[in-house]
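One structure is given below, encoded as structure tokens.
What follows is calculated from the coordinates using simple rules that are stated; it is not laboratory data. Keep in mind that this is a model prediction, so the values were computed, not measured. FYI the Cβ positions are ideal-geometry reconstructions off the backbone, even for glycines, and counts take in every protein chain you see.
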């Protein structure tokens, strides 16, 4: 992720779908794979390490991974891209993946969850990240925790895991001295922590929207409020099930997760709860913004109607007078007045001013008390 996150969300990228899911045809056999059109071609990167050594390279020959898995304490195989079914099947053979588990990896998006298979623990979650242009990208990350290895699948190239790779290369912290479950914790914790910069952007965005709604409401603001609400729905759908999946890893007897790793997963769970509560608070604020917008628009409409009513009320008696004196009666005494025209104009002006003062005193036009306070301040 970029060092300086954009301070506004431009839009949700097309890949960040809220409701669309790739499903096999009706009646297809269990474990059928559906490769999406335009899916990225797989890139396989391996980091095999122990406390003293680190071996890192890209892999083109999938079967060669079998020998690599036996040569180091922990092997992290990261697959970015799900666009080649043949490669995915080869990986399934090397790691003995259950067909249903592989289907969950490929047929995205799945609800965040964790499931136990023979010798493996599958963990699926959603990763949200902002591009430099402010677009929000969502993708599914699937991780298989096994004895001495971690196999991760990502939909697209690029991720948030560079800090984890840097810690492995520099031998910082406990990563190189711990097992595959601690590496899985580091990956999950990085994904969860990636939500914080996004929520900070939400805070700035909502604050700016609230100020603009109160100052000068415009239909484009309501459109933007609904866009933010849609993005928050995406965040909520990613975070809330993730809490349940983390709770399962913490509380249930999962053979592939040691007690020492559970201690750290509890901290990630706390972060996830905090993020979900913040997302829910922001959703409530967005709903309040919609209500505020409608209230402000209603008040402004009432102000306009009040002014129009006042103007109409002022001109009704003037129109009456003009109408009476516009009639061409043969015997109208006022027609012979030398200054009658100016007297009538003065009467009309006095009547209009008098009505304005009356409306002002009654508080129908402006706020006299507020004007007095402003005069006192001056």
- Note on the structure: Yeah, the range 142-234 with a ≥ b ≥ c from its alpha-carbon gyration tensor (a/c under 1.5 is rounded, else prolate when a/b outruns b/c, oblate otherwise) is prolate
- Nearest 0.05, what FRET efficiency do residue 52 and residue 230 give at R0 = 51 Å with Cβ-Cβ as r? 0.55
- Query: Which angle between 0 and 90 degrees, to the nearest 10, do you get for helix 219-251 versus the longest principal axis of the chain when only C-alpha atoms count?
  - Reply: 30
- Note on the structure: Against the 2.2 N^0.38 Å rule of thumb, the C-alpha Rg of the range 53-177 sits at a ratio of 1.08
- Helix 195-215 sits off the longest principal axis of the Cα atoms of the chain, rounded to the nearest 10 on a 0 to 90 degree scale, by 10
- Degrees, to the nearest 10: 368-377 long Cα axis against longest axis of the chain: 80
- Message: Can you give me the distance in nm between label points at residue 61 and residue 309, each placed 7 Å from the Cα along the Cα-to-Cβ direction?
- Response: 8.7
- Task: Among (1) 67, 54, 35; (2) 87, 62, 38; (3) 120, 52, 34, find the value of Cα extents along the principal axes in Å that was calculated from the structure presented, and write down its label.
- Result: (3)
